[in-house]
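All remarks here apply to the structure that follows.
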Amino acid sequence: MVIDGQGGGIGAAVIKGLREAFGNDQEIYALGTNSIATSRMMKSGANRGATGENAIVRTCGQVDVIVGPLAIVISNAMMGEVTPRIAEELCSCGAKKILIPLTQENVDIVGIKSEPLPHMVQKAVQSIKEV
C-alpha cells in the first residue's frame with residue numbers, strides 16, 4: 001500500500017519504482033489523503049485506489065507493507081490532510097512501514113543524509129524486496 005497526499009508526487013514515484021522492480025507480480029494499492037494524490041498514483045500503475053481517512057484506516061490492516069513519506073505518521077501533517085486517526089492507525093497496524101524521510105513539517109530527522117527523491121525511492125523499493 002502506497003500512501004501520499006497533496007499532489008501525490010512521492011507516491012507516484014514509489015509506484016513507478018515498484019512496477020519497474022516487480023512488474024505486475026505484486027498488487028499495489030494507492031491510498032490518497034485527497035483525490036488528486038490518488039489519481040496521480042493510479043496513473044503510475046497502482047491496481048486499486050481509494051481516497052480519504054476511512055479508506056486509509058480500513059485498508060492499512062489488510063496489507064503487508066505500507067510505503068509513503070514520513071509525514072503519513074505525523075498527526076495533522078500535509079497541511080492537515082493526515083488526520084490524527086490516520087497517523088494513529090498507520091503506527092498501530094501490523095504492516096511493515098517503509099517511510100521516505102521527506103517532510104514539509106517542522107521536523108528534522110537527525111543522522112539522515114539528504115538525498116534526491118529518486119535515490120530514496122530506489123532504497124524504499126530495495127527495502128520492499130527484502131520484506
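Per-structure values
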{"read-out": "Selection from V121, M1, S44 lying farthest towards where the dipole of the chain points positive, charges on Cβ", "value": "S44"}
{"read-out": "Length released on extending from Q62 to D25, taking residue separation times 0.36 nm less the Cα-Cα span", "value": "11.5 nm"}
{"read-out": "Magnitude of the charge dipole, the chain, Cβ model with Lys/Arg +1 and Asp/Glu -1, debye to 20", "value": "260 debye"}
{"read-out": "Loop-located trypsin sites (Lys or Arg not before Pro) in segment 66-131, at most 16 other Cβ atoms within 10 Å (DSSP)", "value": "K113"}
{"read-out": "Helix-only CD estimate at 222 nm, as mean residue ellipticity for the chain, using -39500 (n - 2.57) per DSSP H run (n ≥ 4)", "value": "-12500 deg cm²/dmol"}
{"read-out": "Lysine pairs within the chain, Cα separation less than 16 Å, 8 or more sequence positions apart or different chains", "value": "8"}
{"read-out": "In segment 1-72, the GluC sites (Glu not before Pro) that fall in loop regions by DSSP, at most 12 other Cβ within 10 Å", "value": "E27"}
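All of the numbers you see were taken from the coordinates with simple rules; none came from a lab. Bear in mind that the values here come from a model prediction, so they are computed numbers and not experimental data. No Cβ is skipped: glycine too gets one built from the backbone with ideal geometry, and neighbour counts run over all protein chains shown.
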